[in-house]
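Read the structure below first, then the notes.
The values are calculated or read from the model by the stated rules, or taken from the named source; none is laboratory data. It should be emphasised that the depicted structure is a prediction, and the values quoted were computed from it without experimental measurement. Virtual Cβ from ideal backbone geometry, glycine too; neighbours counted across all protein chains shown.
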Amino acid sequence: MEPIVSRTRLDAPTPRVSATLIVRDESGFINDCLASLVGVVDEIVVVDTGSRDDTVARAARYPVSLHSFAWCDDFSAARNFAIERAHGDWILYIDADERLQVSDPAIWTRAIGDDSKLAWRLQLSLRDGWTPCPELRLFRNHPSIRFRGVIHESVRASIADLQKTDRRDVGVCDIALRHIGYEGSQEHKVPRNLGLLRAYLADNADRSYCWWHLGETLELAGDEDGAIAAWRRGVVAARTEHERQSDESCSLPFAALIEALHRRGEPVQEILDEALRLFPGNLVMQWNRAKLAIEAGHEEEARPILERLAGIDPDNFVDPLNSYDKLLFSRDAPEALALCHFRAGRFREAAIWYRRAALASADPQACELKARLAEARASSA
């Protein structure tokens with residue numbers, strides 16, 4: 001389909017990097033996204049899939065190549081349509097509710113000039129207050145690299161296939177992407193996502209991430225039983241995925257199922273033990289292990305785990321496979337560690353950790369009161 005508006009920079013006939021976006025009703029996000037790209041990338045390809053607001057008009061104010069695409073319930077089809085209209089040597093895949101953050105232009109220049117790399121993982125911050133996680137977002141504009149999957153689409157499989165003949169590898173880069181779309185309510189996405197996820201999983205039951213997302217969507221819709229059933233299916237799929245590729249990202253259904261069952265008061269030790277065997281480095285699983293130990297009165301078993309978590313600097317921590325809520329390190333682990341010290345009669349240590357937790361707590365006064373109680377116990381001991 002011919003572009004609605006073409007305003008690509010004329011001084012870049014052979015652009016090095018093309019940013020590609022698919023958009024629909026992104027009026028509240030599109031300006032900041034495009035502003036973050038202008039002057040950094042050489043071409044911006046925007047594909048509208050049926051906006052009913054002023055997204056298209058807003059996008060047209062920027063130097064973009066603007067196209068329309070008839071939505072067909074297939075995210076990969078729309079993203080591949082965008083790639084096919086890009087002229088750059090590299091493709092940066094980004095969404096309207098994300099912002100590119102290049103703190104050091106030299107890093108960007110080195111990345112796109114590195115002939116040894118087929119693709120790069122950028123540091124994606126999915127939510128404010130969460131640690132970033134490397135995600136494959138910048139890749140060569142090669143005809144074999146295309147998105148797959150109608151939902152939770154990815155180029156990962158096509159890049160892996162290409163690497164069998166193209167020996168270049170995938171690197172990790174310190175360029176950041178900030179996602180802000182999860183900060184508000186996601187309820188408006190429930191009908192669309194339920195239909196797409198159920199249809200996709202009917203033929204692709206081995207995608208653990210999609211089972212996890214289906215469970216999250218069902219929980220958001222108020223169907224807790226349906227959510228737990230989906231996460232159980234996700235655990236089955238994750239076992240197979242882990243055997244095949246040892247990818248720790250498939251830990252999500254385990255984590256969601258453990259949390260849901262624990263909230264119901266149902267036993268979770270067996271499923272947690274399996275998760276710890278499969279994902280020994282996953283810090284959420286370690287946190288759950290510590291919580292269960294405390295509940296069972298085994299504080300000394302929990303203490304070294306909590307000390308490790310509380311010793312992590314959340315503002316400078318990056319896990320290669322997972323994103324974590326920073327409060328796990330700055331509030332939850334310190335407060336649980338304080339409780340361990342308190343129960344063991346180490347009241348001064350407890351007071352120190354309660355005050356540490358107060359620094360990140362939404363209710364610092366509660367932590368301060370516990371710290372004072374611990375100090376009072378220490379004085380009377």
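With respect to the stated conditions, Ser27 fails to be modelled with pLDDT of 95 or more, of a type outside the set (A, V, I, L, M, F, W, C) and surrounded by 19 or more Cβ atoms within 10 Å (Cβ to Cβ). Filtering the range 126-184 to residues that are among the basic types (Lys, Arg) and without any contact (Cβ under 8 Å) to a residue 40 or more places away in the chain leaves Arg156, Lys164, Arg167.
Within the range 322-381, if we keep just the residues that are of a type outside the set (A, V, I, L, M) and part of a loop (DSSP other than H, G, I, E, B), the residue that is nearest to Phe279 (Cα to Cα) turns out to be Asn322. One residue stands out among those in the range 89-120 that are among the hydroxyl-bearing types (Ser, Thr, Tyr) and part of a loop (DSSP other than H, G, I, E, B): the one that is modelled with the lowest pLDDT, which is Ser103. The helices (runs of 4 or more DSSP H) falling completely within the range 150-264 that include 3 or more residues that are of a type in the set (Phe, Trp, Tyr), on the phi < 0 side of the Ramachandran plot and surrounded by 19 or more Cβ atoms within 10 Å (Cβ to Cβ) map to 208-220. For the range 292-311, the set of residues classified as within 21 Å of Trp130 (Cβ to Cβ) and buried (at least 18 other Cβ atoms within 10 Å of the Cβ) consists of Ile305, Leu306, Leu309, Ala310, listed by residue number.
Give the residues of the range 98-126 that are touching a strand residue (DSSP E or B) at 6+ places or on another chain (Cβ under 6 Å) and of a type in the set (Asp, Glu), sorted by residue number. Selection gives Glu98 alone.
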